[in-house]
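Peer 1: My questions will all concern the structure given below.
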Amino acid sequence: MEATETAPDGRRSRWDGHRLARREELVDATLRAIRTHGAAVGMDEVATSAGTSKTVFYRHFTDRAGLYTAVAERVDATILRGLSRAADDPAPTGEPAAAGDAAPVGARDVVRAVIAAYLHLVEEDPEVYRFIVNAPILPPRERPSGDVAAGMTHRIASHVTELVGAGLAVDGEGMDSADAFPRLWGVALVGMVRATADAWLAEGGSAGGPTSHELAEHLTALAWDGLSALPIARALH
C-alpha cells in the first residue's frame, strides 16, 4: 500500500499566522504602556493600552512571565540590530562616512561603537530598559532565580564577542572562537557597560551627568587601555 501524503491544513496555517501577528500586536501595546506608565506598569494598564482584557493576554502568553519573555525577546533583537549597525558604521556622530572615506573597522572602533549604541538605546528608552532589567511586572512566585535579564546579557555578550573578533581580524590579530577568554571578555565588557548604564540612569542620565557619547568614550578608554588611559589617572602622573 502506498503511503499517502497529508495535505497541509491551510486553515491551521492561517490561524498560526493570525496568532503570531496578534502576539506581536500585544507586545507593541505592552511597550506603549511601559513608555506611558513607566517600568512598574501593571497588567490593567497594559490591557487598556491594547484595548482588550487581561484574559486575552494570558491566552496568548500564559502568564506575566510569558509576556515579559516576549517583550524581552523583542528588545533583545532591537539591541542586537543596533549593535550590528553601529559596528558597521562606527563614526562617533553615528552618521555614515563620506563616499571614499570608508576604511576597515578595527576592534577599538567596534568597542566604542557598540558601547555608544547600547548607551544610546538606554537613553532613548529608559523605562523599557528598566522593565527588562528589573522585571517589576513579575511577582515573586514567577521570577526566575538570579538575574532576570541574564539571558539577554549573555546573548549581547556573545554578539559583541563576534563583532570585536571581526575587528581584531581587521587589525591583523587572530581570535580563537573556541578560547574561553574572548567569550568571557565579552561578558565582562557587557557587564561593565550594563552596570554603568544602571548607575547613570539612576543619577539622571545625561541630564545629571555625562552624555551617552562622553560616557562611551570613557568606557572605551577603560575597556581598551585600562585605568591609566583615563584623564584623571593621567593627571595624577
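Peer 1: Exactly one of (1) assigned by TED's automatic domain parsing to the domain that holds THR220; (2) at pLDDT 80 or above; (3) in contact with a helix residue (DSSP H, G or I) (Cβ under 7 Å, 6 or more places away or on another chain) is unmet by ARG81. Its number?
Peer 2: Condition (3) is where ARG81 drops out.
Yes/no matrix, rows are residues, columns are (1) in the same structural domain as PRO126 (by TED's automatic domain parsing); (2) assigned to a helix (DSSP H, G or I); (3) among the β-branched types (Val, Ile, Thr); (4) surrounded by fewer than 16 Cβ atoms within 10 Å (Cβ to Cβ):
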site	(1), (2), (3), (4)
ARG23	no, yes, no, no
ASP28	no, yes, no, yes
LEU31	no, yes, no, no
ARG35	no, yes, no, no
ALA40	no, no, no, yes
ASP44	no, yes, no, yes
THR48	no, yes, yes, no
THR55	no, yes, yes, yes
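Peer 1: Return the pair list, or none, for Cβ contacts closer than 9 Å from residues in the range 120-143 that are of a type in the set (Lys, Arg) to residues that are at pLDDT 95 or above, at least 6 apart or on different chains.
Peer 2: Close Cβ pairs (under 9 Å, with a partner that is at pLDDT 95 or above) amount to ARG130/ILE34; ARG130/GLY38; ARG130/ALA39; ARG130/ALA40.
Peer 1: Would you mind finding the one in ASP76, ASP16, ASP63 that is out of contact with any helix residue (DSSP H, G or I) (no Cβ under 9 Å at 6 or more places or on another chain), modelled with pLDDT under 95 and not β-branched (Val, Ile, Thr)?
Peer 2: It is ASP16.
Peer 1: Just to check your reading of the model, which residue among VAL193, VAL164 is within 18 Å of LEU83 (Cα to Cα), touching a Phe, Trp or Tyr at 6+ places or on another chain (Cβ under 6 Å) and either hydrophobic (A, V, I, L, M, F, W, C) or at pLDDT 75 or above (or both)?
Peer 2: Exactly one of VAL193, VAL164 is within 18 Å of LEU83 (Cα to Cα), touching a Phe, Trp or Tyr at 6+ places or on another chain (Cβ under 6 Å) and either hydrophobic (A, V, I, L, M, F, W, C) or at pLDDT 75 or above (or both), namely VAL193.
Peer 1: Select from the range 127-143 the residues that are surrounded by 13 or more Cβ atoms within 10 Å (Cβ to Cβ) and outside any helix (DSSP H, G or I) and list them in ascending order.
Peer 2: Selection gives ALA135, PRO136, ILE137, LEU138, ARG143.
Peer 1: On the given criteria, is TYR118 touching a Lys or Arg at 6+ places or on another chain (Cβ under 9 Å), assigned to a helix (DSSP H, G or I), buried (at least 19 other Cβ atoms within 10 Å of the Cβ) and of a type in the set (Phe, Trp, Tyr)?
Peer 2: Yes: the conditions hold for TYR118.
The values are calculated or read from the model by the stated rules, or taken from the named source; none is laboratory data. This one's a predicted model, so the numbers in the text were calculated from it and none came from an experiment. Every residue, glycine among them, receives a Cβ derived from its backbone with ideal geometry; neighbour counts consider all protein chains shown.
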